Amino acid sequence: DTGVSQDPRHKITKRGQNVTFRCDPISEHNRLYWYRQTLGQGPEFLTYFQNEAQLEKSRLLSDRFSAERPKGSFSTLEIQRTEQGDSAMYLCASSLGFPPGTQYFGPGTRLLVL
Amino acid sequence: AQRVTQPEKLLSVFKGAPVELKCNYSYSGSPELFWYVQYSRQRLQLLLRHISRESIKGFTADLNKGETSFHLKKPFAQEEDSAMYYCALPPDNQGGKLIFGQGTELSVKP
C-alpha cells in the first residue's frame with residue numbers, strides 16, 4: 001500500500017497522559033498536513049510541513065500540541081496532558097507542494113480521552 | 001475570513017433522482033475549490049477539483065463566482081453514491097491548508 005498511513009488507528013488514554021501519533025506520507029510528497037475532525041464537523045487544519053519545515057500552525061494548536069517532521073519524511077503529533085476535549089479523529093494528509101496538489105488522506109487516528 | 005458553508009447536514013434521495021449538494025464560500029479573489037468524499041469505512045478522498053473541470057463518477061461542479069457557490073451535481077443518483085461529501089478550499093492558493101465545510105451526508109435509497 002503506497003498511500004498515507006497512520007499509526008495507531010485507535011488510542012484510548014486517560015486524562016493527563018501524553019500521546020503520540022505517527023504519519024507516513026506518500027514517499028514523493030514534500031508537504032504533510034495534520035487535521036482534527038470531531039463528530040459532525042469537517043476536518044479542521046492543525047499544522048503543515050514542507051519537507052522538515054513547519055510552515056503554519058493553527059491557533060487551535062495549543063501549547064500542549066507539538067508536531068515534528070525531523071527528516072522530511074514521517075511526522076509525529078504529540079499531545080501532552082490530554083484533556084477530554086482532545087477526543088477526536090486526527091487526520092494526516094500529504095501532497096506535492098507545487099503546483100498546489102491534491103491532498104491524500106490517511107485513515108486517521110481516533111483518540112478517546114477518558 | 002475565508003469560509004465554506006454546506007447548509008445541509010443530510011440529503012436523502014431515491015435512486016435515479018437528481019442530486020445537488022450545496023456549497024457556498026467566502027473568499028476574496030479566484031478560489032480553487034474541491035469536493036472530497038468519504039465512503040463508509042474508507043478514508044477521505046478527492047472527488048473533483050474546480051481547476052480540472054472533470055466529471056468524476058457522473059458528478060460535476062461549476063464555480064459560480066456571482067453566487068459564490070460550487071454546488072455538486074449528479075443527474076441520476078446511485079446507491080453507491082451514499083457517503084459524506086465535503087467542500088473545501090485552500091485560503092491562500094499556495095498549496096497549504098484546506099478549509100472544509102461541515103459536510104453533507106448523502107443517502108441514496110433504493
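The values are calculated or read from the model by the stated rules, or taken from the named source; none is laboratory data. This is a predicted model, so every value here is computed, not measured. A quick note on method: Cβ atoms are made from the backbone with ideal geometry, for glycine too, and the neighbour counts reach across all protein chains shown. These area figures cover heavy atoms from the full protein model, side chains too; ligands, DNA and RNA do not enter into them. Shrake-Rupley method; radii C 1.70, N 1.55, O 1.52, S 1.80 Å.
Condition check: more than 9 Å from chain B (Cβ to nearest Cβ) and closer than 17 Å to B:Ile99 by Cβ. Does A:Leu60 satisfy that? Considered against the rule, which asks whether it is more than 9 Å from chain B (Cβ to nearest Cβ) and closer than 17 Å to B:Ile99 by Cβ, A:Leu60 comes out as yes.
Condition check ((1) touching a strand residue (DSSP E or B) at 6+ places or on another chain (Cβ under 9 Å); (2) more than 9 Å from chain A (Cβ to nearest Cβ); (3) under 27 Å from A:Pro107 (Cβ atoms)) across all residues:
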| site | (1), (2), (3) |
| --- | --- |
| B:Glu20 | yes, yes, no |
| B:Leu46 | yes, no, yes |
| B:Glu54 | yes, yes, yes |
| B:Gly58 | yes, yes, yes |
| B:Gly66 | no, yes, no |
| B:Pro75 | yes, yes, no |
| B:Leu89 | yes, yes, yes |
| B:Ile99 | yes, no, yes |
| B:Glu105 | yes, yes, yes |
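Please determine, by comparing only the residues of the range A:85-106 that are open to solvent by 30 Å² or more (accessible area, probe 1.4 Å) and within 12 Å of another protein chain (Cβ to nearest Cβ), which one is modelled with the lowest pLDDT. The residue in question is A:Pro99.
Looking at B:Lys74, B:Lys57, which one is among the basic types (Lys, Arg), over 25 Å from A:Ser5 (Cα atoms) and surrounded by 20 or more Cβ atoms within 10 Å (Cβ to Cβ)? Full working, then the answer.
Numbers: B:Lys57 fails: surrounded by 20 or more Cβ atoms within 10 Å (Cβ to Cβ).
So the residue among B:Lys74, B:Lys57 that is among the basic types (Lys, Arg), over 25 Å from A:Ser5 (Cα atoms) and surrounded by 20 or more Cβ atoms within 10 Å (Cβ to Cβ) is B:Lys74.
Assess whether B:Ala83 counts as being within 14 Å of chain A (Cβ to nearest Cβ), open to solvent by less than 50 Å² (accessible area, probe 1.4 Å) and out of contact with any His (no Cβ under 6 Å at 6 or more places or on another chain). In short, yes. Here A:Thr82, A:Thr20 are screened, and the one residue that is surrounded by fewer than 17 Cβ atoms within 10 Å (Cβ to Cβ) and modelled with pLDDT of 95 or more is A:Thr20. If I filter the range A:1-17 down to residues being open to solvent by 20 Å² or more (accessible area, probe 1.4 Å) and within 12 Å of chain B (Cβ to nearest Cβ), which single residue comes out as modelled with the lowest pLDDT? The selected residue is A:Asp1. Contact map, the range A:40-57: residues that are facing another protein chain (nearest Cβ under 7 Å) and open to solvent by less than 40 Å² (accessible area, probe 1.4 Å) paired with residues that are hydrophobic (A, V, I, L, M, F, W, C) and outside any strand (DSSP E or B), Cβ distance under 9 Å, separation 6+ or inter-chain. Pairs shown: A:Pro43/B:Leu44; A:Pro43/B:Leu98; A:Phe45/A:Leu60; A:Phe45/B:Leu98. Taken together, the criteria exclude A:Leu112 from residues that are in a loop (DSSP other than H, G, I, E, B) and either open to solvent by less than 10 Å² (accessible area, probe 1.4 Å) or aliphatic (A, V, I, L, M) (or both).
Could you tell me whether B:Ser26 is farther than 17 Å from A:Gln103 by Cα, open to solvent by less than 10 Å² (accessible area, probe 1.4 Å) and not hydrophobic (A, V, I, L, M, F, W, C)? For B:Ser26, the condition - farther than 17 Å from A:Gln103 by Cα, open to solvent by less than 10 Å² (accessible area, probe 1.4 Å) and not hydrophobic (A, V, I, L, M, F, W, C) - is not met. Put simply, of A:Ser75, A:Ser66 the only residue that is open to solvent by 20 Å² or more (accessible area, probe 1.4 Å) and under 23 Å from A:Asn18 (Cα atoms) is A:Ser66. Taken together, the residues in the range B:96-110 that are out of contact with any Leu (no Cβ under 8 Å at 6 or more places or on another chain) and surrounded by 14 or more Cβ atoms within 10 Å (Cβ to Cβ) amount to 6.
Per the listing B:Leu44, B:Leu48, B:Leu98, the residue uniquely closer than 26 Å to A:Trp34 by Cα, in contact with a Phe, Trp or Tyr (Cβ under 6 Å, 6 or more places away or on another chain), touching a residue at least 40 places away in the same chain (Cβ under 8 Å) and not basic (Lys, Arg) is B:Leu44.
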